[in-house]
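First up is the structure itself, then whatever we jot down about it.
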Amino acid sequence: MKITLDSISHHYGSTEVLNDISFSLSDGEIVCIVGPSGCGKSTLLRFIGGLERPDRGQVLLAGRPPADSLNPLTYIFQDFALLPWRTVEGNVSLVLEDHGIRGDKARAIIDDVLARTKLSDFRTALPRQLSGGMKQRVAIARALSVKPAVMLMDEPLSALDSQTRELLMDDLVDLWTRERFSACYVTHNLAEAVRLGHRIIVLSRRPGRIREIVEIDMPLAERVDRLAELETMQRRIWELMREEARAADMEISDVA
Amino acid sequence: MSHEVVQERAAAPVGAEAAATQVPFRGGGFRHRPLGLVSPLVFITIILLWELGSRTGFISDIALPAPSQALAALVDLVKTGMLWKHLEASLFRLVVGWTLGSLLGVAVGLFIGLFSLARAGLLPLVSALFPIPKIALLPLFIIWFGIGEGSKVATILFGTFFPTVIATYGGVDNVDRNLIRMGQSFGLSWLSIVRKIILPGAMPAILSGFRISSSIAIVLLVAAEMIGAEYGIGAYVLMAGALFATDQLIAGVALLSALGLIIGWLIGRAERYFLSWRT
């Protein structure tokens, strides 16, 4: 399934947040969106998943999602968005119940996704008992359980400490190597972007425009051993963004 | 000056080599310790002092009967079997009035929390009716619902309805919007989101609303039993008051207080059961 964004523009009140954004996302590809704070990258992700509607332009889906996909466009949120009153397995089963998957069938899916995210020993734990990294693993397990065609990841590692982030990045690379999911990955962390992205879309400050699209032609699995090369790439992107990031930092916020 | 003081202090430590002193502890404070024995002790002390005051004549019998007299009245109530009659009548009114008021309150609160039309239409109405003392409406309730159980249950029902509405819609408003967005992003149905995300998320607010509404229900019980009630703890207290039988009055009031404590304890248990997921 291919997603195409066709000249998306959007306003919040009188502030223009996004201007003429077009790009596409193909099967098995991870596209990272980076940009200074307030450039509308999270808004863009909400358009792609249909949680908000852009003022102008459209998000197009080409091709059919795999037949077994319950929720083709599936989010992973920065704050995990787990129900605190449900256990780990309860949080996963939440998204299956509405598709009429219960009992043994649900248990099989839950077993499978918890094993894939190394959570099998924690199935009856409540979110408050888990560390941040574990919570995000639960959210990933929940996303996997609906067999997404595209994962929409909104700063998924930003609420975690740097060591946990490193661990989860490795997990995501492993997962991608096995499953070849496609993803749109929004982050402000350039190190994450160069480690996980096949393409990196650099947005400018408000109104967000595409400044540059950086292709990284290096297999994901190899990247952990070629950090020096990534470092140069990361610095190049940073040079692109630096002035705008500074300007964004000095700004007084008037958008909610 | 302060400078000298510091020097003096520095010189003070014992021994020549003991220049190192421990960092003075200045944390702590503002933190509560669990002192489970204190509250029963306070109760017992007050009752003992009261009894002592009555026995020595420091507290006149007319002003306040001794706790032992009140206890005797209570024992009398048990012996004659009237206690159960009163309790039965009161509990029936409380349970029916509070349950109906709470159910309706949660339902209307959910409506106000979920639908803009209900919020625009009903919220001003609730705000206008909430502050009316329901006791003032008792004569109307008697006309509408009869002098029997109807008016008594209705008084408690209306009294508990409004605080429950306000607690419920406040709770719905406070549910984490991100959780709702998560539910939508996974394509959950509207009903599923309400049932599995909004309702449990509003539960803490609803239960603390129950705490308030149950106390209001007990307060209104006495008011509701003012007119045309033969049995009931409220009727018993009012009767005792009319006869200036202060020992019975205290006994009845103690019963109401015990009832309040038991209900509070039950709600505490419910909170621990329903909200065990909270930190």
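Spin-label pair B:ILE212-B:ARG55: with each label point 7 Å from Cα along the Cα-Cβ axis, the two points sit 4.4 nm from one another. With respect to chain A, whose longest principal axis is taken over its alpha-carbon atoms, helix A:88-97 is tilted by about 80°. Checking the cross-link pairs A:LYS118/B:LYS196; A:LYS105/B:LYS196; A:LYS2/A:LYS105 against a 23 Å limit on the alpha carbon distance flags A:LYS118/B:LYS196; A:LYS2/A:LYS105 as lying beyond it.
Compared with the direct C-alpha span, the chain from B:TRP277 to B:LEU129 gains 49.8 nm at full extension, assuming 0.36 nm per residue. Projecting the Cα atoms of B:PRO131, B:MET239, B:GLN184 onto the dipole axis of the protein assembly as shown, where Lys and Arg carry +1 and Asp and Glu carry -1 at the beta carbon, places B:MET239 farthest toward the positive end. Across peptide B:183-193, the average count of Cβ atoms from other chains found within 10 Å of a residue's Cβ is 6.
Which FRET efficiency value, to the nearest 0.05, is calculated for A:SER7 and B:SER116 with the Förster distance at 30 angstrom and r the Cβ-Cβ distance? Approximately 0.35, to the nearest 0.05.
Taking 7 Å steps out from each Cα toward its Cβ at B:VAL96 and B:TRP144 produces label points 1.6 nm apart. Note on A:94-104: average number of Cβ atoms from other chains within 10 Å of each residue's Cβ is 3. Of the options B:ALA217, A:PRO219, A:LEU60, report the single residue whose Cα projects farthest towards the positive end of the charge dipole of the protein assembly as shown (beta-carbon charges: Lys, Arg +1; Asp, Glu -1). Going by the Cα projections, it comes out as B:ALA217. If R0 equals 45 Å, the separation of the Cβ atoms of B:VAL78 and B:ASP176 corresponds to a calculated FRET efficiency of about 0.35. Using just its DSSP H runs of length 4 or more, each adding -39500 (n - 2.57), the protein assembly as shown gives a mean residue ellipticity at 222 nm of -18000 deg cm²/dmol after division by all residues. Remark: A:ASP249, B:ASP76 ranked as A:ASP249, B:ASP76, counting other beta-carbon atoms within 10 Å and listing the fewest first.
If you average the alpha carbon positions of the range B:62-94 and of the range A:155-230, how far apart do those two centres end up, in angstrom? Cα centres, the range B:62-94 to the range A:155-230: 74 Å. When only Cα pairs below 8 angstrom with a gap of at least 6 residues are kept, chain A shows a relative contact order of 28 percent. Can you tell me which aspartates and glutamates have their Cα less than 14 Å from the Cα of B:LYS134? Leave out same-chain residues fewer than eight positions away. B:LYS134 reaches B:GLU225. Summary of packing: across the peptides B:122-135, B:196-209, the per-residue average of other C-beta atoms within 10 Å ranks them, highest first, as B:196-209, B:122-135.
Dipole magnitude for the range A:85-147: about 180 debye, using +1 per Lys or Arg Cβ and -1 per Asp or Glu Cβ, origin at the Cα centre. Using R0 = 35 Å, the C-beta based FRET efficiency linking A:ALA228 and A:ASP27 works out to 0.70.
Computed over chain B, relative contact order equals 21 percent, with contacts defined as Cα pairs under 8 Å that lie 6+ residues apart. Does the range B:62-108 come out rounded, prolate or oblate, given a ≥ b ≥ c as the square roots of the eigenvalues of its C-alpha gyration tensor, rounded meaning a/c under 1.5 and, failing that, prolate meaning a/b above b/c? It is oblate, given that a/c is not under 1.5 and a/b is not larger than b/c. Taking label points 7 Å from Cα along the Cα-to-Cβ direction, A:SER14 and B:PHE25 give a separation of 6.0 nm. Legend: ranking of residues B:TYR169, B:TYR231, B:TYR273, B:TYR236 from fewest to most surrounding C-beta atoms inside 10 Å; resulting order B:TYR273, B:TYR231, B:TYR169, B:TYR236.
Rule-based calculations on the coordinates, nothing more; no lab input. Keep in mind it's a predicted model, so treat the numbers as computed, not measured. With ideal geometry, Cβ positions are generated from the backbone for all residues, glycine too; neighbour counts draw on all protein chains shown.
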